[in-house]
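The values are calculated or read from the model by the stated rules, or taken from the named source; none is laboratory data. Everything numeric in this text was worked out from a predicted model, so none of it was measured. Every residue, glycine among them, receives a Cβ derived from its backbone with ideal geometry; neighbour counts consider all protein chains shown. Just the protein is used for accessible areas: all its heavy atoms, side chains included, with ligands, DNA and RNA removed. Shrake-Rupley method; radii C 1.70, N 1.55, O 1.52, S 1.80 Å.
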Amino acid sequence: MAGKHLTTQNALITTASVEVKTLTISGKQVTLAVFRQLREEPLISEDGSLNGDPWGVVNYHPEKCGNAVAHWHVVWQRGTEIFRAAVIQTPEFDPGPLRHVPQTFDDDAADRYVTSHVLQWLNGRTDQQFLKVPKYPGEHVSDSVTMSSPHGFKVTGYASKAATAALAAKGEMDQRAQSLASAREELSQPPTPFNTQEQKQQQVTRTQAALEKAQQQFRVACVALENEVAEWGSHAEISTALTEAVQAEAERRERHRASHATIAALPQLFIAV
C-alpha cells in the first residue's frame, strides 16, 4: 500500500503447507504394480449414484490410455474391497470435447407416445402431424420424432411398425382417391378416338374398386394400431407416462453430474513407482 515501507517489523513470511496423500496398504505405500492388480469396477451406476466410497484419483494410466477422452482413474471402496475405476470426466449425455449438444433421451415411453399420437391424428383427434404420410408405396419416410423437454435435452421417439403401416395405408388410400377424382374428371370430358366414354367409365370402375380396397386395408391397419395402443392405456395416460419418464431421466442426469462433481473434488493419491 502507498505510504508504507517493507521492514523487518511489518513483514511476515508464511509457509504454505501442502498435504500429500499416499495410498498405503498395511502401512506400506502402494506401488504401480499393486495398483494395476486392483480389480476394475464401475464407480458410477447407471442411475447416477456412486457404487461405493471414492478415495481419490491416481495420475497414472495403467492401460496406456493417455490419448483417450479426458478421464480419471479413481480408487474406491465398497465394503471391505478396494477397486479402481476409469471415469470419463464429462457425463456421456452432456456437451464435451466430442459432443456439442446434450445427448437425446430415447425411451419406450417416447416410442409409445409417438405411436399413440399417430393414432390420434389418423382418427382426427389432433391437427398436429408428427410423421409424414408416404406419397407412394415403398417411399422411405422417417419413423422418428424429436421433441423438446423442459430440462434442456431432446426426447426422441420412434413410431411402431403398426403406426408406420397405418400411415402407409393412408398414403395408399389418398393416392387411390386422387386417381378416382382424376378418372371422374376425365369422364366429364368429351371422348376421343383413343379414349372412348366406355373406356373412361371402365377406368372409373377400376379406380373405384382400388380405392375401396385401399380403404379396407386402411381400416384394418387402424384397428391393429388401436389394439396396440389400447394395451398402453389412453393417450392422456401415455402422455403422463412420458412426462414421468423424462422427469426421471432429468433426475438421473443430475445424479450423474453430482457424482462427477464429487470425483472432481477428490484429492490426488500418490503411489510409489
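Observations on the structure shown:
- Breaking point among (1) modelled with pLDDT under 95; (2) under 29 Å from the mean Cα position of the chain (by Cα); (3) among the basic types (Lys, Arg), for LYS200: (2)
- Residue in the stretch 239-257 that is in contact with a Lys or Arg (Cβ under 8 Å, 6 or more places away or on another chain) and among the hydrophobic types (A, V, I, L, M, F, W, C) present: yes
- Residues satisfying the stated conditions in the stretch 224-247, i.e. farther than 18 Å from THR146 by Cα and out of contact with any helix residue (DSSP H, G or I) (no Cβ under 6 Å at 6 or more places or on another chain): GLU226, ASN227, ALA230, GLU231, GLY233, SER234, ALA236, GLU237
Rundown of residues vs (1) exposed (fewer than 12 other Cβ atoms within 10 Å of the Cβ); (2) over 26 Å from PRO97 (Cβ atoms); (3) without any contact (Cβ under 8 Å) to a residue 12 or more places away in the chain; (4) hydrophobic (A, V, I, L, M, F, W, C), yes/no style:
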residue: LEU43; (1), (2), (3), (4): no, no, no, yes
residue: PRO62; (1), (2), (3), (4): no, no, no, no
residue: CYS65; (1), (2), (3), (4): yes, no, no, yes
residue: HIS73; (1), (2), (3), (4): no, no, no, no
residue: ARG78; (1), (2), (3), (4): no, yes, no, no
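- Scanning the stretch 92-142 for residues that are on the phi > 0 side of the Ramachandran plot and either in contact with a Lys or Arg (Cβ under 8 Å, 6 or more places away or on another chain) or basic (Lys, Arg) (or both) returns no hits.
- Per-region count, the stretch 202-239, residues more than 17 Å from LEU119 (Cα to Cα) and surrounded by 14 or more Cβ atoms within 10 Å (Cβ to Cβ): 7
- Within the stretch 139-151, the set of residues being out of contact with any Asp or Glu (no Cβ under 9 Å at 6 or more places or on another chain), within 18 Å of ALA109 (Cα to Cα) and assigned to a loop (DSSP other than H, G, I, E, B) comprises ASP143, SER148, PRO150.
- Every residue from the stretch 27-74 that is hydroxyl-bearing (Ser, Thr, Tyr) and in contact with a strand residue (DSSP E or B) (Cβ under 9 Å, 6 or more places away or on another chain): THR31, TYR60
- Residues (outside any loop (DSSP other than H, G, I, E, B) and either of a type in the set (A, V, I, L, M, F, W, C) or without any contact (Cβ under 8 Å) to a residue 60 or more places away in the chain (or both)) located in the stretch 45-60: LEU50, ASP53, TRP55, VAL57
- Residue tally, condition at pLDDT 95 or above, among the aliphatic types (A, V, I, L, M) and within 17 Å of the chain's Cα centre (by Cα), over the stretch 98-120: 3
- Within the stretch 140-175, the set of residues being in contact (Cβ under 8 Å) with a residue 40 or more places away in the chain, acidic (Asp, Glu) and surrounded by 18 or more Cβ atoms within 10 Å (Cβ to Cβ) comprises GLU172 only.
- For the stretch 48-78, a tally of residues being more than 19 Å from LEU269 (Cα to Cα) and in contact with an Asp or Glu (Cβ under 9 Å, 6 or more places away or on another chain) returns 2.
- Considering ASP127, ASP111, the condition of being acidic (Asp, Glu) and in contact with a strand residue (DSSP E or B) (Cβ under 8 Å, 6 or more places away or on another chain) is satisfied by ASP111 alone.
- The residue that is nearest to HIS235 (Cα to Cα), among those in the stretch 92-138 that are open to solvent by less than 30 Å² (accessible area, probe 1.4 Å) and part of a loop (DSSP other than H, G, I, E, B), is LEU131.
- With respect to the conditions (1) over 24 Å from LYS170 (Cβ atoms); (2) open to solvent by 80 Å² or more (accessible area, probe 1.4 Å), LEU269 falls short on a single one, namely (2).
- Residue within the stretch 80-88 that is loosely packed, with under 12 Cβ neighbours inside 10 Å and not β-branched (Val, Ile, Thr) present: yes
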